[in-house]
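Here is the structure we will look at.
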Amino acid sequence: MSARPSPSALLRKLRTPGASEQIWAMALETGNIVGTMLAFLLLGRSLGVDGYGGYVSLYAVISPLVTLSSSGVVMALLQHAVARDEPIAETARSSLSIVLLFGGVLSVGASAFAFFVVGGLGPVAIVSIVLIELVTTPVLLVGATVIQAETSFEGAAKVRLLLVAGRSVMLVALFLAGALTVANLGIAQLTWSALLGLVTLQNVGRRYGFSLVPGRIHPSHVRTNLVFSAAISADAVGNDGDKVVLASYKYTEDTGLYGAAYRIVQLGMVPLGALANTTHVRFLARSDEPRHYLKLAVRYSGIAALYGIVFAIGVVIAAPIFPLVMGSSFEGSVEMARWLSPIVLLRGLGMYSLNALLGLGRTGLRTTIVVANAAFGVTLYLILIPGRGWHGALIGTLITEVLQVVMTWTALLYCQRQRDRDLARSVVVETDPDRAEDAPEPAR
């Protein structure tokens with residue numbers, strides 16, 4: 001039997017950079033969960049079904065665009081500054097310019113589109129929320145990512161956690177003051193994110209010895225951003241397209257109820273997302289073991305499937321509590337939440353086969369599957385929602401989720417088989433060159 005580590009040994013382990021970063025990552029994840037739940041509960045009670053429907057619809061319009069000015073830029077910055085060892089000052093300035101350019105153009109388009117599609121929200125509410133998500137928050141994330149690239153994830157997590165904490169405090173304060181509207185929340189959070197972003201840029205520039213201001217945009221940075229953004233944006237379209245179509249056909253009440261029920265599903269996805277993040281590097285590590293990536297996908301998909309089943313059962317049992325928390329006007333969300341609960345199971349089954357395709361080097365195929373499935377989903381929404389309301393959205397969502405699971409696992413089985421054949425051929429060639437002519441041709 002192995003000896004149990006002493007308290008002092010555990011303390012030393014916690015003080016190592018790896019353990020410290022994990023702690024801050026958990027703190028940031030917890031902060032995001034708390035902030036999401038607070039927004040979900042307090043806005044639902046303050047806005048009612050129709051008002052909450054407008055809020056959900058607005059975020060459904062924004063979510064596919066955020067990657068181009070936020071997550072895609074952040075991933076591209078890390079790719080060029082860390083993986084390609086490009087100068088951090090030049091890369092950061094280029095990234096900041098991309099954020100301002102993409103964010104500014106997309107803000108105009110998203111605001112104009114939301115004016116026509118989203119009901120129940122005025123211009124101030126729409127413009128403020130759009131600017132938060134497409135401009136001020138991405139600007140702050142550029143500064144935080146420079147810290148991550150140059151020092152550690154811990155420093156970046158602190159900046160992001162400060163943003164989340166400030167937004168949550170403003171949300172609660174407005175609710176307690178009886179002044180919680182989307183417009184008031186948007187103005188308050190826009191002010192906070194803008195000020196924090198400017199301070200972060202200034203401090204980061206002083207810390208690393210360069211002025212973090214907009215600079216020349218490098219075409220390679222734009223291309224990398226677009227590559228990373230394609231699959232993420234397509235996935236967002238697939239996830240939120242149903243809410244946009246519901247809102248565009250003026251199913252105002254359905255949008256609010258369906259959006260509230262969908263939030264429960266999104267909260268259920270948080271543990272799966274955390275598991276995917278912690279295991280992601282295992283799929284990226286190169287391995288010549290036969291069926292390696294398939295085995296990894298099967299292992300983690302089994303865990304995800306078990307969790308998805310437990311979650312679905314929990315939602316079916318606990319759904320009647322939902323209106324007691326959100327308000328009696330959300331009674332209709334009970335049935336919707338129950339029908340939507342299998343989505344967590346289906347996404348758990350699909351996410352690790354997608355990660356395995358990355359490990360196999362099939363990034364293009366992976367992106368093609370996600371984009372094609374999202375396009376098919378939107379087509380289903382346009383066909384099924386008119387005349388059926390949320391029932392059409394539900395049917396379209398479940399069909400696309402099942403289809404993506406089938407497509408990704410089929411692709412994984414095929415690609416893993418090709419990879420194993422190529423490895424077998426290389427072994428034959430190395431051990432017995434005379435048999436090389438009889439070995440199967442490498443898959444192309």
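The values are calculated or read from the model by the stated rules, or taken from the named source; none is laboratory data. Keep in mind the model is a prediction, meaning the values are calculated, not measured. Here the Cβ positions follow ideal geometry from the backbone for every residue, glycine too, while neighbour counts run over all protein chains shown.
How about the stretch 329-370: which of its residues are at pLDDT below 90 and acidic (Asp, Glu)? Correct list: 331 only.
For the stretch 300-310, state whether one or more residues are at pLDDT 85 or above, loosely packed, with under 14 Cβ neighbours inside 10 Å and not β-branched (Val, Ile, Thr). Within the stretch 300-310, one or more residues are at pLDDT 85 or above, loosely packed, with under 14 Cβ neighbours inside 10 Å and not β-branched (Val, Ile, Thr). For the stretch 423-435, indicate whether the set of residues that are modelled with pLDDT of 85 or more and part of a loop (DSSP other than H, G, I, E, B) is non-empty. There is no residue in the stretch 423-435 that is modelled with pLDDT of 85 or more and part of a loop (DSSP other than H, G, I, E, B).
If you go through the stretch 221-242 and keep only what is of a type in the set (D, E, K, R) and modelled with pLDDT of 85 or more, you end up with 223, 242. Only one of the listed residues (146, 172) is β-branched (Val, Ile, Thr) and closer than 30 Å to residue 206 by Cα. That residue is 146. Of all the residues in the stretch 103-133, those that are in contact (Cβ under 8 Å) with a residue 60 or more places away in the chain, part of a helix (DSSP H, G or I) and surrounded by 20 or more Cβ atoms within 10 Å (Cβ to Cβ) number 7.
With respect to the conditions (1) touching a residue at least 12 places away in the same chain (Cβ under 8 Å); (2) under 26 Å from residue 340 (Cα atoms); (3) not in a loop (DSSP other than H, G, I, E, B), residue 283 falls short on a single one, namely (2).
Against the test of being aromatic (Phe, Trp, Tyr), part of a helix (DSSP H, G or I) and within 23 Å of the chain's Cα centre (by Cα), the options 322, 311 yield a single qualifying residue, 311.
If the condition is being within 23 Å of residue 310 (Cβ to Cβ) and at pLDDT 70 or above, then the stretch 275-285 contributes 275, 276, 279. Restricting 181, 145 to residues that are over 30 Å from residue 50 (Cα atoms) and either buried (at least 19 other Cβ atoms within 10 Å of the Cβ) or not acidic (Asp, Glu) (or both) narrows the list to 145. State whether the residues of the stretch 223-244 include one that is aromatic (Phe, Trp, Tyr) and over 26 Å from the mean Cα position of the chain (by Cα). No, the stretch 223-244 contains no residue that is aromatic (Phe, Trp, Tyr) and over 26 Å from the mean Cα position of the chain (by Cα). Note on the stretch 29-40: among residues that are aliphatic (A, V, I, L, M) and surrounded by fewer than 16 Cβ atoms within 10 Å (Cβ to Cβ), the one that is nearest to residue 254 (Cα to Cα) is 37. Here residue 247 meets the list (1) within 24 Å of residue 160 (Cα to Cα); (2) buried (at least 23 other Cβ atoms within 10 Å of the Cβ); (3) aliphatic (A, V, I, L, M); (4) at pLDDT below 85 almost entirely, failing just condition (1). Only a single criterion out of (1) surrounded by 19 or more Cβ atoms within 10 Å (Cβ to Cβ); (2) over 22 Å from residue 270 (Cα atoms) is not satisfied by residue 379, namely (1).
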